[in-house]
Amino acid sequence: MNSYLRNLSSTQQVGALFLVVFGMLVLATLWTIAYRLRPPPDDAQAAQQRRLRGRHLRALLQTSWLMVTVFWVAWALGETVATVLFALVAFLALREFITLSPTRRGDHRSLVLAFFAVLPLQFVLVGTRQYDLFTVFIPVYVFLALPVVSALANDPERFLERSAKLQWGIMVCVYGMSHVPALLLLDFPGREGRGAFLVFWLVLSVQTCMVVQHLLGRRFPHTPVAPAVSQSFQWASWLAGIAVGALVGGLLSFITPFKPGQGLGLGLLACSAGSLGHLVMKALKRDRGVTSWGMQGQAVTGAGGLLDRVDALCFAAPVFFHSVRWYFGL
């Protein structure tokens with residue numbers, strides 16, 4: 001079996017990978033449907049808990065289907081289309097962030113620049129492989145330029161808070177997300193054209209970490225680390241989540257240029273960054289008084305918006321990308 005897989009072209013290997021993933025998602029979806037069709041228990045409290053578990057399962061499945069579908073379409077349509085697709089995801093995520101972060105008239109010019117100049121230019125730099133420039137474009141040039149534009153609007157009220165909100169949204173939604181298509185363009189010697197495996201490895205490791213942390217936090221509740229921010233973030237479940245996510249990264253190292261030890265170490269790094277970033281985004285949601293970045297802000301599961309589904313990835317991707325480039329000298 002292994003010799004057969006090695007003899008496949010990189011395109012055939014990536015295609016086989018997505019067939020396996022979609023097959024697993026179909027089985028998980030069928031199991032969820034069967035779970036929902038079971039007769040409800042007579043006890044009202046048990047029935048309510050079962051409904052909540054069903055909602056959590058549906059939210060996790062929706063997240064998984066969305067992310068896998070986006071990555072499959074991106075790979076199938078080529079690197080250029082993939083970069084455009086991820087730029088669209090970043091646009092929608094930034095829109096959700098800004099919608100729940102009140103702005104003033106003096107911010108309108110900065111917002112126009114952020115959406116229609118900064119965002120597309122960042123992804124153009126990624127698509128043209130200007131790695132050194134796209135790394136510093138936002139945290140250096142944009143972070144200096146946008147406050148100047150806002151200051152010229154002659155509106156000093158809550159200026160620092162408004163500038164910080166916009167800069168933070170750009171950093172997470174644009175800068176973080178732009179590192180995902182950048183992984184598709186990394187060429188390791190002898191493994192050209194297999195960037196999709198890196199994206200799959202990163203997404204599966206981080207998502208496994210988040211799912212394990214979430215399920216253990218609810219199944220075996222302990223004292224939350226920051227109860228005002230998240231009731232499910234506990235040291236025990238967090239450590240278990242990053243350990244399982246890193247283990248998955250080590251076991252899947254054969255589809256990447258990494259050795260098992262390297263996969264384990266990079267998995268620890270990516271899962272730690274993603275899970276802690278998710279906690280930061282929860283703090284921002286609590287500050288805004290919402291449970292979801294979606295427009296409705298009403299989701300019981302806290303996963304109603306696009307940004308809810310990709311926030312951990314937005315934190316993990318730049319840490320993972322730059323660690324890989326530095327370690328392998330790419």
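The values are calculated or read from the model by the stated rules, or taken from the named source; none is laboratory data. These figures come from a predicted structure and were not determined experimentally. As a convention, Cβ positions derive from the backbone with ideal geometry for all residues, glycine included, and neighbour counts pool all protein chains shown. Ligands, DNA and RNA are excluded from the accessible area calculation, which covers all protein heavy atoms including side chains. Shrake-Rupley method; radii C 1.70, N 1.55, O 1.52, S 1.80 Å.
Sparsely packed loop sites in region 146-206 (the GluC sites (Glu not before Pro) outside DSSP H, G, I, E and B with at most 14 other Cβ atoms within 10 Å) comprise 157, 192.
Quick one: grab the alpha carbon gyration tensor of region 96-184, order the square roots of its eigenvalues as a ≥ b ≥ c, and give me rounded if a/c is under 1.5, else prolate or oblate depending on whether a/b is larger than b/c. Here region 96-184 falls in the prolate category. Of all aspartates and glutamates in the structure, the ones whose alpha carbon falls short of 13 Å from that of residue 165, not counting any fewer than 8 places away in one chain, are 96, 107, 287. Taking a ≥ b ≥ c as the square roots of the eigenvalues of the alpha carbon gyration tensor, region 96-255 is oblate, as a/c is not under 1.5 and a/b does not beat b/c. The order of 83, 103 by accessible area, most exposed first and with a 1.4 Å probe, is 103, 83.
Every helix of 4 or more DSSP H residues in the chain counts as -39500 (n - 2.57), and over all residues that averages to -23500 deg cm²/dmol at 222 nm. Take every Cα pair under 8 Å whose residues are at least 6 apart in sequence, average their separation, divide by the length of the chain, and the relative contact order is 17 percent. Available extension along the chain between residue 108 and residue 37 is 20.6 nm, counting 0.36 nm per residue and deducting the alpha carbon span.
If you take the Cα centroid of region 207-278 and the Cα centroid of region 66-106, the two points sit 24 Å apart. Each label was represented as a point 7 Å from its Cα along the Cα-to-Cβ direction; for residue 88 and residue 276 these points are 3.4 nm apart. Only protein heavy atoms count here; under a 1.4 Å probe, residue 223 has an accessible surface of about 120 Å². Under the combined filter of DSSP loop state and at most 16 neighbouring Cβ atoms within 10 Å, region 181-281 retains these trypsin sites (Lys or Arg not before Pro): 191. With K and R counted +1 and D and E -1, the other residues having a Cβ less than 15 Å from that of residue 291 yield a net charge of +2.
When a/c reaches 1.5 or more, the comparison of a/b and b/c decides; with that in mind, is the chain rounded, prolate or oblate per its Cα gyration tensor? The shape class here is oblate. The chymotrypsin sites (Phe, Trp or Tyr not before Pro) found in region 164-239 include none that occupy coil by DSSP while having at most 15 further C-beta atoms within 10 Å. For region 135-219, the equivalent ellipsoid built from the Cα gyration tensor has semi-axes of 35, 23, 6 Å, listed from largest to smallest.
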